[in-house]
Amino acid sequence: QEEHQVVRDKHHILTEGEGIPPPIPHFADMKVPKPILEYLKSKGIKKPTPIQIQGIPTAFSGRDMIGIAFTGSGKTLAFTLPAIMQSLEMEAKLPFVRGEGPVGLIICPSRELARQTYDGCLAMCTALKESGGYPELRSLLCIGGINMADQADVLNRGVHIVVATPGRLIDMLDKGKLNANNCKYLCMDEADRMIDMGFEEDVRSIMSHFKYQRQTLLFSATMPRKIQDFAQQSLINPILVNVGRAGA
Ligand code: ADP
Ligand code: MG
(Lines give C-alpha, C1' and ligand atoms only; values in the text may rest on other atoms or scores of the structure.)
(Ligands and ions follow the chains in the order given, each with its own letter.)
Protein backbone atom coordinates (compact mmCIF):
# COMPACT_ATOMS: atom_id res chain seq x y z
CA GLN A 1 0.00 0.00 0.00
CA GLU A 2 2.84 2.29 0.92
CA GLU A 3 4.64 1.66 -2.36
CA HIS A 4 1.44 2.63 -4.20
CA GLN A 5 1.34 5.90 -2.34
CA VAL A 6 4.97 6.52 -3.28
CA VAL A 7 4.00 6.20 -6.96
CA ARG A 8 1.02 8.52 -6.50
CA ASP A 9 3.07 11.12 -4.67
CA LYS A 10 5.75 11.03 -7.32
CA HIS A 11 3.17 11.83 -10.01
CA HIS A 12 1.10 14.31 -7.97
CA ILE A 13 -1.87 11.99 -7.99
CA LEU A 14 -4.39 12.62 -5.23
CA THR A 15 -7.00 9.96 -4.59
CA GLU A 16 -10.11 9.73 -2.47
CA GLY A 17 -12.38 6.77 -1.87
CA GLU A 18 -12.34 3.19 -0.67
CA GLY A 19 -10.51 0.27 -2.25
CA ILE A 20 -8.54 2.27 -4.77
CA PRO A 21 -6.72 0.03 -7.28
CA PRO A 22 -2.94 0.31 -7.42
CA PRO A 23 -1.49 2.90 -9.81
CA ILE A 24 0.34 1.31 -12.76
CA PRO A 25 3.21 3.40 -14.14
CA HIS A 26 3.76 1.32 -17.33
CA PHE A 27 1.33 0.42 -20.11
CA ALA A 28 2.91 -3.02 -20.37
CA ASP A 29 1.71 -3.85 -16.86
CA MET A 30 -1.88 -2.76 -17.56
CA LYS A 31 -2.84 -5.77 -19.70
CA VAL A 32 -3.14 -3.47 -22.70
CA PRO A 33 -3.35 -5.64 -25.85
CA LYS A 34 -0.07 -5.68 -27.79
CA PRO A 35 -1.45 -4.20 -31.04
CA ILE A 36 -2.75 -1.21 -29.07
CA LEU A 37 0.61 -0.81 -27.33
CA GLU A 38 2.27 -0.79 -30.75
CA TYR A 39 -0.23 1.72 -32.08
CA LEU A 40 0.27 4.01 -29.08
CA LYS A 41 4.04 3.75 -29.47
CA SER A 42 3.72 4.81 -33.10
CA LYS A 43 1.91 7.90 -31.84
CA GLY A 44 4.71 8.70 -29.40
CA ILE A 45 2.69 7.42 -26.45
CA LYS A 46 5.10 5.23 -24.53
CA LYS A 47 4.52 5.96 -20.87
CA PRO A 48 1.18 6.69 -19.21
CA THR A 49 0.55 10.19 -17.89
CA PRO A 50 -0.44 10.54 -14.21
CA ILE A 51 -4.20 10.54 -14.90
CA GLN A 52 -3.64 7.37 -16.94
CA ILE A 53 -1.41 5.74 -14.30
CA GLN A 54 -4.22 5.84 -11.74
CA GLY A 55 -7.24 6.35 -14.01
CA ILE A 56 -6.85 3.37 -16.34
CA PRO A 57 -6.61 0.76 -13.54
CA THR A 58 -9.52 2.44 -11.76
CA ALA A 59 -11.75 2.63 -14.83
CA PHE A 60 -10.83 -0.91 -15.86
CA SER A 61 -11.64 -2.23 -12.40
CA GLY A 62 -15.31 -1.34 -12.88
CA ARG A 63 -15.49 1.34 -10.22
CA ASP A 64 -17.28 4.63 -10.65
CA MET A 65 -14.77 7.41 -10.91
CA ILE A 66 -14.22 11.13 -11.16
CA GLY A 67 -11.06 11.96 -13.09
CA ILE A 68 -9.72 15.48 -12.76
CA ALA A 69 -6.61 16.56 -14.60
CA PHE A 70 -5.55 19.65 -16.51
CA THR A 71 -6.10 20.12 -20.22
CA GLY A 72 -3.66 18.20 -22.37
CA SER A 73 -2.85 15.62 -19.70
CA GLY A 74 -4.19 12.62 -21.60
CA LYS A 75 -7.65 12.16 -20.09
CA THR A 76 -9.10 10.75 -23.33
CA LEU A 77 -6.99 7.62 -23.27
CA ALA A 78 -7.75 7.19 -19.56
CA PHE A 79 -11.38 6.42 -20.42
CA THR A 80 -11.23 5.09 -24.01
CA LEU A 81 -8.65 2.40 -23.30
CA PRO A 82 -10.63 0.88 -20.37
CA ALA A 83 -13.78 0.98 -22.53
CA ILE A 84 -11.96 -1.04 -25.19
CA MET A 85 -10.42 -3.43 -22.67
CA GLN A 86 -13.80 -4.02 -21.05
CA SER A 87 -15.38 -4.58 -24.46
CA LEU A 88 -12.71 -7.19 -25.24
CA GLU A 89 -13.40 -8.98 -21.96
CA MET A 90 -17.12 -8.92 -22.65
CA GLU A 91 -16.56 -10.17 -26.20
CA ALA A 92 -14.44 -13.04 -24.91
CA LYS A 93 -17.12 -14.08 -22.43
CA LEU A 94 -20.25 -13.35 -24.41
CA PRO A 95 -19.84 -12.65 -28.13
CA PHE A 96 -22.11 -10.00 -29.55
CA VAL A 97 -25.15 -10.90 -31.55
CA ARG A 98 -26.78 -8.74 -34.18
CA GLY A 99 -28.29 -5.47 -33.16
CA GLU A 100 -27.08 -5.35 -29.61
CA GLY A 101 -26.30 -2.01 -28.11
CA PRO A 102 -22.93 -0.78 -26.94
CA VAL A 103 -20.87 -1.96 -23.98
CA GLY A 104 -19.35 1.49 -23.59
CA LEU A 105 -20.91 4.88 -24.12
CA ILE A 106 -18.85 8.06 -24.14
CA ILE A 107 -20.63 11.40 -24.14
CA CYS A 108 -18.90 14.61 -25.21
CA PRO A 109 -20.15 18.20 -25.15
CA SER A 110 -19.33 18.99 -28.80
CA ARG A 111 -19.32 17.30 -32.18
CA GLU A 112 -15.64 18.08 -32.73
CA LEU A 113 -14.62 16.54 -29.44
CA ALA A 114 -16.81 13.50 -30.08
CA ARG A 115 -15.23 13.05 -33.50
CA GLN A 116 -11.67 13.26 -32.11
CA THR A 117 -12.49 10.82 -29.35
CA TYR A 118 -14.12 8.46 -31.81
CA ASP A 119 -11.12 8.65 -34.16
CA GLY A 120 -8.88 7.53 -31.32
CA CYS A 121 -11.18 4.62 -30.45
CA LEU A 122 -11.45 3.62 -34.08
CA ALA A 123 -7.67 3.64 -34.50
CA MET A 124 -7.28 1.33 -31.51
CA CYS A 125 -10.04 -0.99 -32.74
CA THR A 126 -8.43 -1.05 -36.19
CA ALA A 127 -5.05 -1.94 -34.67
CA LEU A 128 -6.71 -4.88 -32.91
CA LYS A 129 -8.52 -6.01 -36.03
CA GLU A 130 -5.44 -5.82 -38.26
CA SER A 131 -3.40 -7.88 -35.80
CA GLY A 132 -5.77 -10.76 -36.45
CA GLY A 133 -5.51 -12.03 -32.91
CA TYR A 134 -8.45 -10.27 -31.30
CA PRO A 135 -12.20 -10.20 -31.75
CA GLU A 136 -13.47 -7.37 -33.93
CA LEU A 137 -14.64 -4.39 -31.93
CA ARG A 138 -16.93 -1.89 -33.61
CA SER A 139 -17.28 1.74 -32.66
CA LEU A 140 -19.80 4.31 -33.76
CA LEU A 141 -19.84 8.09 -33.86
CA CYS A 142 -23.27 9.36 -32.97
CA ILE A 143 -23.52 13.11 -33.55
CA GLY A 144 -25.80 15.52 -35.36
CA GLY A 145 -25.07 16.11 -39.01
CA ILE A 146 -24.44 12.45 -39.75
CA ASN A 147 -27.06 10.51 -41.66
CA MET A 148 -28.59 7.97 -39.31
CA ALA A 149 -29.05 5.47 -42.15
CA ASP A 150 -25.27 5.35 -42.58
CA GLN A 151 -25.03 4.04 -39.06
CA ALA A 152 -27.48 1.22 -39.62
CA ASP A 153 -24.83 -1.23 -40.81
CA VAL A 154 -22.67 -0.85 -37.71
CA LEU A 155 -25.77 -0.98 -35.52
CA ASN A 156 -27.05 -4.12 -37.22
CA ARG A 157 -23.77 -5.92 -36.65
CA GLY A 158 -23.68 -4.85 -33.02
CA VAL A 159 -21.60 -1.97 -31.77
CA HIS A 160 -19.26 -2.06 -28.78
CA ILE A 161 -18.38 1.57 -28.22
CA VAL A 162 -20.49 4.60 -29.02
CA VAL A 163 -19.09 8.12 -28.85
CA ALA A 164 -21.88 10.66 -28.89
CA THR A 165 -23.14 14.13 -28.25
CA PRO A 166 -26.20 14.18 -25.95
CA GLY A 167 -28.79 15.45 -28.43
CA ARG A 168 -28.27 12.89 -31.17
CA LEU A 169 -27.85 10.10 -28.65
CA ILE A 170 -31.19 10.81 -26.98
CA ASP A 171 -32.81 11.00 -30.39
CA MET A 172 -31.46 7.56 -31.30
CA LEU A 173 -32.35 6.05 -27.92
CA ASP A 174 -35.87 7.46 -28.08
CA LYS A 175 -36.38 6.20 -31.64
CA GLY A 176 -35.13 2.77 -30.63
CA LYS A 177 -32.26 2.90 -33.12
CA LEU A 178 -29.86 2.33 -30.29
CA ASN A 179 -30.40 0.69 -26.95
CA ALA A 180 -28.48 0.91 -23.72
CA ASN A 181 -29.74 -2.43 -22.44
CA ASN A 182 -26.33 -4.06 -22.39
CA CYS A 183 -24.34 -0.93 -21.74
CA LYS A 184 -22.23 -1.09 -18.61
CA TYR A 185 -19.77 1.76 -19.03
CA LEU A 186 -20.92 5.37 -19.24
CA CYS A 187 -18.37 8.15 -19.44
CA MET A 188 -18.98 11.88 -19.54
CA ASP A 189 -16.03 13.81 -20.92
CA GLU A 190 -15.54 17.49 -20.07
CA ALA A 191 -18.22 17.11 -17.44
CA ASP A 192 -17.74 20.70 -16.24
CA ARG A 193 -18.48 22.01 -19.73
CA MET A 194 -21.40 19.63 -20.17
CA ILE A 195 -23.03 20.93 -17.03
CA ASP A 196 -22.31 24.56 -17.98
CA MET A 197 -23.88 23.97 -21.36
CA GLY A 198 -27.05 22.69 -19.72
CA PHE A 199 -26.67 19.02 -20.68
CA GLU A 200 -27.36 17.76 -17.17
CA GLU A 201 -30.98 16.80 -17.83
CA ASP A 202 -29.98 15.19 -21.13
CA VAL A 203 -27.44 13.04 -19.34
CA ARG A 204 -30.03 12.03 -16.76
CA SER A 205 -32.38 11.10 -19.56
CA ILE A 206 -29.62 8.99 -21.16
CA MET A 207 -29.02 7.30 -17.81
CA SER A 208 -32.71 6.41 -17.59
CA HIS A 209 -32.23 4.14 -20.63
CA PHE A 210 -29.77 1.92 -18.77
CA LYS A 211 -31.25 -1.35 -17.67
CA TYR A 212 -28.51 -2.91 -15.57
CA GLN A 213 -26.02 -1.72 -13.08
CA ARG A 214 -23.72 0.69 -14.82
CA GLN A 215 -20.28 2.04 -14.19
CA THR A 216 -20.26 5.82 -14.42
CA LEU A 217 -17.21 7.98 -15.03
CA LEU A 218 -16.84 11.75 -15.09
CA PHE A 219 -13.77 13.44 -16.54
CA SER A 220 -13.07 17.11 -16.28
CA ALA A 221 -10.27 19.66 -16.05
CA THR A 222 -11.87 21.29 -13.02
CA MET A 223 -14.12 20.14 -10.22
CA PRO A 224 -16.60 22.89 -9.39
CA ARG A 225 -19.39 22.35 -6.87
CA LYS A 226 -21.88 21.37 -9.57
CA ILE A 227 -19.73 18.41 -10.62
CA GLN A 228 -19.50 17.27 -7.02
CA ASP A 229 -23.28 17.54 -6.72
CA PHE A 230 -23.88 15.72 -9.97
CA ALA A 231 -21.44 12.98 -8.94
CA GLN A 232 -23.16 12.62 -5.60
CA GLN A 233 -26.47 12.01 -7.35
CA SER A 234 -25.27 9.84 -10.23
CA LEU A 235 -22.22 7.88 -9.11
CA ILE A 236 -21.98 5.04 -6.62
CA ASN A 237 -19.11 4.95 -4.15
CA PRO A 238 -16.82 6.70 -6.65
CA ILE A 239 -13.07 6.98 -6.59
CA LEU A 240 -11.71 10.47 -7.11
CA VAL A 241 -8.48 10.73 -9.07
CA ASN A 242 -7.19 14.28 -9.05
CA VAL A 243 -3.93 15.19 -10.71
CA GLY A 244 -2.42 18.54 -9.95
CA ARG A 245 0.27 20.31 -11.87
CA ALA A 246 3.68 19.70 -10.41
CA GLY A 247 4.15 22.25 -7.68
CA ALA A 248 0.62 23.60 -7.97
P1 ADP B 1 -7.04 16.08 -22.16
O2 ADP B 1 -8.32 15.44 -22.56
O3 ADP B 1 -6.62 15.75 -20.77
O4 ADP B 1 -7.05 17.57 -22.39
P5 ADP B 1 -5.98 14.59 -24.38
O6 ADP B 1 -6.49 13.26 -24.02
O7 ADP B 1 -6.70 15.33 -25.45
O8 ADP B 1 -5.86 15.52 -23.09
O9 ADP B 1 -4.44 14.41 -24.77
C10 ADP B 1 -3.65 15.50 -25.18
C11 ADP B 1 -2.55 15.01 -26.12
O12 ADP B 1 -1.63 14.17 -25.42
C13 ADP B 1 -3.07 14.19 -27.29
O14 ADP B 1 -2.41 14.60 -28.45
C15 ADP B 1 -2.67 12.78 -26.93
O16 ADP B 1 -2.45 11.99 -28.07
C17 ADP B 1 -1.41 12.97 -26.13
N18 ADP B 1 -1.17 11.90 -25.16
C19 ADP B 1 -2.10 11.23 -24.43
N20 ADP B 1 -1.52 10.34 -23.61
C21 ADP B 1 -0.19 10.44 -23.80
C22 ADP B 1 0.95 9.75 -23.25
N23 ADP B 1 0.79 8.81 -22.31
N24 ADP B 1 2.18 10.10 -23.69
C25 ADP B 1 2.32 11.07 -24.63
N26 ADP B 1 1.30 11.74 -25.21
C27 ADP B 1 0.04 11.45 -24.80
MG1 MG C 1 -10.15 16.10 -23.08
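The values are calculated or read from the model by the stated rules, or taken from the named source; none is laboratory data. Because the structure is predicted, anything quoted here is derived from the model rather than measured. Glycine gets a Cβ as well: all are built from the backbone with ideal geometry, and neighbour counts include every protein chain shown. Remember, those area values only see protein heavy atoms, side chains included, never the ligands or the DNA or RNA. Shrake-Rupley method; radii C 1.70, N 1.55, O 1.52, S 1.80 Å.
In plain terms, the chain is cut at each of the GluC sites (Glu not before Pro) found in a DSSP loop with at most 16 other Cβ atoms within 10 Å, and the longest leftover piece is 19-135.
Label-to-label distance for ALA28 and GLN1 is 3.0 nm, based on points extended 7 Å past Cα in the beta-carbon direction.
Each residue was assigned an accessible area with a 1.4 Å probe, and for PHE70 the value is about 60 Å². Helices in the chain that qualify as membrane-span-like (whole DSSP H runs, Cα extent of at least 24 Å along the helix axis, mean Kyte-Doolittle hydropathy of 0.0 or higher) are 75-93. Each Cα pair under 8 Å and six or more residues apart adds its separation to the average, and for the chain the resulting relative contact order is 29 percent.
Among the listed pairs LYS47/LYS75; LYS47/LYS184; LYS129/LYS175; LYS43/LYS93; LYS41/LYS75, those with a Cα-Cα distance over 25 Å are LYS47/LYS184; LYS129/LYS175; LYS43/LYS93. Amide H to amide H distances under 5 Å link MET188 with ILE107, LEU217, LEU218, PHE219, where only residues 5 or more positions off or on other chains count and H is placed in the peptide plane. What number comes out for the charge environment of LEU217, summing +1 per Lys or Arg and -1 per Asp or Glu over other residues with Cβ under 13 Å away? Neighbourhood net charge equals +1.
Summarising the label geometry, the points placed 7 Å from Cα in the beta-carbon direction at ASP9 and ASN156 lie 5.9 nm from one another.
Among the protein heavy atoms of the stretch 37-190, carbon and sulfur supply 50% of the accessible surface, probe 1.4 Å, non-protein parts ignored. With every protein chain in place and a 1.4 angstrom probe, the accessible-area ranking of TYR118, TYR212, TYR185, largest first, reads TYR212, TYR118, TYR185.
Helical content of the chain, expressed as a calculated mean residue ellipticity at 222 nm, amounts to -13000 deg cm²/dmol (DSSP H runs of 4 or more residues, -39,500 (n - 2.57) each, divided by residue number, nearest 500).
A 1.4 Å probe run over the chain, with the rest of the protein chains in place, finds 47 Å² accessible per residue.
Please find the FRET efficiency linking LYS46 to SER131, where r is the Cβ-Cβ separation and R0 is fixed at 22 Å, and quote it to the nearest 0.05. The pair LYS46/SER131 has a calculated efficiency of 0.70.
Give me Rg over Rh for the stretch 1-84, both radii from the alpha carbons and Rh done the Kirkwood way, two decimal places. Rg/Rh: 0.94. If Lys and Arg each add +1 and Asp and Glu each add -1, what is the summed charge of the other residues whose beta carbon sits under 10 Å from the beta carbon of LEU113? Result for the neighbourhood of LEU113: 0. Separation of the stretch 109-144 from the stretch 1-29 is 28 Å, based on Cα centroids.
Taking a cut-off of 16 Å between Cα atoms, list the aspartates and glutamates near LYS211, but don't count ones fewer than 8 places away on the same chain. Result set, ordered by chain and number: GLU100, ASP174.
Relative to the current alpha-carbon distance between LYS226 and GLU89, full extension at 0.36 nm per residue lengthens the span by 45.9 nm. Under the simplified labelling scheme, the ASP119-GLN213 pair shows an inter-label distance of 3.8 nm, with each label point 7 Å from Cα along Cα→Cβ.
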